[in-house]
2 protein chains.
Amino acid sequence: MFVAEGIRSAEELLASRMRVVGALVSARLLETPRGVAVRTQLDQSGASVLDVSEADFTSAADTESPQGILVIAEVPRHSFDSIDLGPVLRLLVLDGLQDPGNVGTILRTAAALGVTATTALPGTVDLWNAKVVRSGMGAHFHHLCFDSTWDELDAFRASTHTALWGTEASGEPVEPIRAPERLALVVGNEGGGLSPAARARVERLVALPIGSAVESLNVAVATGIFLYLLRR
Amino acid sequence: MFVAEGIRSAEELLASRMRVVGALVSARLLETPRGVAVRTQLDQSGASVLDVSEADFTSAADTESPQGILVIAEVPRHSFDSIDLGPVLRLLVLDGLQDPGNVGTILRTAAALGVTATTALPGTVDLWNAKVVRSGMGAHFHHLCFDSTWDELDAFRASTHTALWGTEASGEPVEPIRAPERLALVVGNEGGGLSPAARARVERLVALPIGSAVESLNVAVATGIFLYLLRR
C-alpha cells in the first residue's frame, strides 16, 4: 500500500487504473467543489472512507497545508515483464538515490519526457514513500515504475539487447547523443555516484558537456537534461 | 547577512571573496581534519568565532545532521551594474518562485551552466534564505545573483538591448533554440506561472517541445533544460 495526499492526487488516483483501498477525510475537504466531487467519487468507488477530525487528520498528514484528503492505494505489482517492448526503449535505472524529493522529481520528469519505465535498484529510497509520491506529482499513477535487482536487470538486458550507460560528471562528454535504440541509463547516488555493481556493468560512462564545470548539477536536473536529450 | 551551514560551505565561503563576519562552532567540528583546517582558517580570518555546546548548536542549526559549523557572512551588494557586459548575455529572471529548494537548485544549475547572472524579482523567495543557500551548494559564492525590480530590469534591458523571453508550458515549442546574443529568460511561480508584469513585457513565450505532455516538469528541471539549450 502507499499513501497519497491532497485533492489533485486523489483525483488522479481515482481516474487511474490503480486500486484505491481507503481514504482518510476531514471536513475541510468539503469546502471546495473539487473536494466535494472527490468525496462523491470515493463513496462510489467502494473504498472505505474514514471521516476524522481536523486535529486527527493533521496528525496523520505529512503536508504542511493539508487539504483534508489522504488516499491509501495498492502499490501495483510491476516488473520488467510489464514493459511493452518496442523498437525504441528508454529505461531509467536508479542506483542508490536517497533523497525522496529528487526521486519524485525524476519520476515526474521521466513521465513527462516519455521514458518507457523507471526501475529502482536496491539502496534506492522506496519509490512509494509518501514524499516520493508527493514530489512525483501524479507520475506514479501513469509512469511504469518498479523495484528490481541487478540480476533481474541483467536478464532483461540480455534478452532484449538493451545497452547500459552510466552517467557521471567525469564521464565522456556526449553531444549530440547518438544513443542505441534500446538504452538503459543508470543514475547514481547524490553524493557517492554510481555503485561498484553499476561500474562493473556499464558500457559507457557519459557526461553532459558543460565545460570546466567547477560546479556540479543536482542529480534531478542532470537526469532531466539527459532524458531530454535522449527522448525519441 | 546570511547563514551557511556545514564544512563544505565554510570552505567555499572562506575561499571566496565574500566577507565572513562570524561563525558558530561546536566540538564536533574538530572531529575531522577538514573541520580542524576550517577552524584554523576561521581564526585567522578575523571573523568572530563563538564556541557553543552541541545542544546549543543543534538548536541553531537548520540541517538534520549538523557538522558543527555555521558561518555568518555578508550578503554582497550587487545589482545590474555588477554585470560584466560582453557580446553574449544570459540573464535568468526569477518571477515569484516560492520554493527555497527549487530556487537553490536553479542557482546551482545557473552557476554550472555558465549563466551570466540571476536576478530575483519581488515575490520570489529571498535568495539568501538559509534553505536556498543550502540547496545552492555553493553557487551563491561564485554566481552573480541579486534582487531587483521590474523598473531596474526594464532600464537594464533598454540600455543593453537585451531581449526578454518567458517560459510557459503552453508557449511556442523551440528547438533548436536560436536565441539572441543577449537574452533574459523569465521563469514564473511553481503553481501560477508568469506574473501579469512578466506577460506584459515578454517578447516570446517559449516551451520545451515535449510533445503532448500530460505531465508537466518541475520548474528547476525545466529551467535546467532551457539553460542547457541556451548555453554558449
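Has the stretch A:133-148 got any residue that is over 30 Å from A:Ile69 (Cβ atoms) and of a type in the set (Gly, Ala, Ser)? Yes, the stretch A:133-148 contains at least one residue that is over 30 Å from A:Ile69 (Cβ atoms) and of a type in the set (Gly, Ala, Ser).
Can you name every residue in the stretch B:201-219 that is assigned to a helix (DSSP H, G or I) and either open to solvent by less than 10 Å² (accessible area, probe 1.4 Å) or within 11 Å of chain A (Cβ to nearest Cβ) (or both)? If the condition is that a residue be assigned to a helix (DSSP H, G or I) and either open to solvent by less than 10 Å² (accessible area, probe 1.4 Å) or within 11 Å of chain A (Cβ to nearest Cβ) (or both), then B:Val219 is the only one that fits. Among the residues making up the stretch B:85-100, those that are touching a residue at least 60 places away in the same chain (Cβ under 8 Å) and either in contact with a Gly (Cβ under 8 Å, 6 or more places away or on another chain) or farther than 17 Å from B:Trp165 by Cα (or both) are B:Leu85, B:Pro87, B:Arg90, B:Asp95, B:Gly96, B:Leu97, B:Gln98, B:Asp99. Checked against the criterion of being away from chain A (no Cβ under 14 Å), in contact (Cβ under 8 Å) with a residue 40 or more places away in the chain and of a type outside the set (Val, Ile, Thr), the stretch B:139-146 contains one or more residues that satisfy it.
Just one of the listed residues (B:Ala198, B:Ala158, B:Ala222) is among the small types (Gly, Ala, Ser), open to solvent by 50 Å² or more (accessible area, probe 1.4 Å) and not in a loop (DSSP other than H, G, I, E, B), namely B:Ala158. Annotation: A:Val75 fulfils all but one of (1) touching a Phe, Trp or Tyr at 6+ places or on another chain (Cβ under 8 Å); (2) open to solvent by less than 40 Å² (accessible area, probe 1.4 Å); (3) of a type outside the set (Gly, Ala, Ser); the unmet one is (2). Scanning the stretch A:10-44 for residues that are assigned to a helix (DSSP H, G or I) and open to solvent by 70 Å² or more (accessible area, probe 1.4 Å) yields A:Ala15, A:Ala27, A:Arg28, A:Leu30, A:Glu31, A:Pro33, A:Arg34, A:Gln41, A:Asp43, A:Gln44. Just wondering, is there one or more residues in the stretch B:128-146 that are part of a strand (DSSP E or B), modelled with pLDDT of 95 or more and closer than 16 Å to B:Leu92 by Cα? Within the stretch B:128-146 (the criterion being part of a strand (DSSP E or B), modelled with pLDDT of 95 or more and closer than 16 Å to B:Leu92 by Cα), the answer is yes, since at least one residue qualifies. Only one of the listed residues (B:Glu152, B:Glu215) is acidic (Asp, Glu) and at pLDDT below 95. That residue is B:Glu215.
In the stretch A:45-55, which residue that is touching a strand residue (DSSP E or B) at 6+ places or on another chain (Cβ under 8 Å) and open to solvent by 20 Å² or more (accessible area, probe 1.4 Å) is nearest to A:Arg19 (Cα to Cα)?
Here is the first cut: in the stretch A:45-55, the residues touching a strand residue (DSSP E or B) at 6+ places or on another chain (Cβ under 8 Å) are A:45, A:47-52.
From what is left, the residues that are open to solvent by 20 Å² or more (accessible area, probe 1.4 Å) are A:45, A:48-52.
On the way: A:Ser45: 10, A:Ser48: 12, A:Val49: 14, A:Leu50: 17, A:Asp51: 20, A:Val52: 22 Å.
Among residues in the stretch A:45-55 that are touching a strand residue (DSSP E or B) at 6+ places or on another chain (Cβ under 8 Å) and open to solvent by 20 Å² or more (accessible area, probe 1.4 Å), the one nearest to A:Arg19 (Cα to Cα) is A:Ser45.
The set of residues from the stretch B:84-114 being among the hydrophobic types (A, V, I, L, M, F, W, C) and more than 11 Å from chain A (Cβ to nearest Cβ) comprises B:Leu85, B:Val88, B:Leu89, B:Leu91, B:Leu92, B:Val93, B:Leu94, B:Leu97, B:Val103. The residue that is farthest from A:Leu217 (Cα to Cα), among those in the stretch B:126-138 that are within 14 Å of another protein chain (Cβ to nearest Cβ) and open to solvent by 20 Å² or more (accessible area, probe 1.4 Å), is B:Lys131. Any residue at all in the stretch B:174-194 that's in a helix (DSSP H, G or I), open to solvent by less than 30 Å² (accessible area, probe 1.4 Å) and more than 14 Å from chain A (Cβ to nearest Cβ)? Scanning the stretch B:174-194, I find no residue that is in a helix (DSSP H, G or I), open to solvent by less than 30 Å² (accessible area, probe 1.4 Å) and more than 14 Å from chain A (Cβ to nearest Cβ), so the answer is no.
In this structure, is A:Glu203 more than 22 Å from A:Ala112 (Cα to Cα) and of a type outside the set (Lys, Arg)? When the stated conditions are applied, A:Glu203 passes them.
Restricting attention to the stretch B:56-72, the residues that are in contact with a Leu (Cβ under 8 Å, 6 or more places away or on another chain) and either in a loop (DSSP other than H, G, I, E, B) or surrounded by 24 or more Cβ atoms within 10 Å (Cβ to Cβ) (or both) add up to 6.
The values are calculated or read from the model by the stated rules, or taken from the named source; none is laboratory data. Note that the coordinates shown come from a computational prediction; the quantities given were computed from them, not determined experimentally. Heads up, the Cβs are rebuilt from the backbone with ideal geometry, glycines too, and the neighbour counts pull from every protein chain shown. Accessible surface is based on the protein model in full, side chains and every heavy atom, while ligands, DNA and RNA are left aside. Shrake-Rupley method; radii C 1.70, N 1.55, O 1.52, S 1.80 Å.
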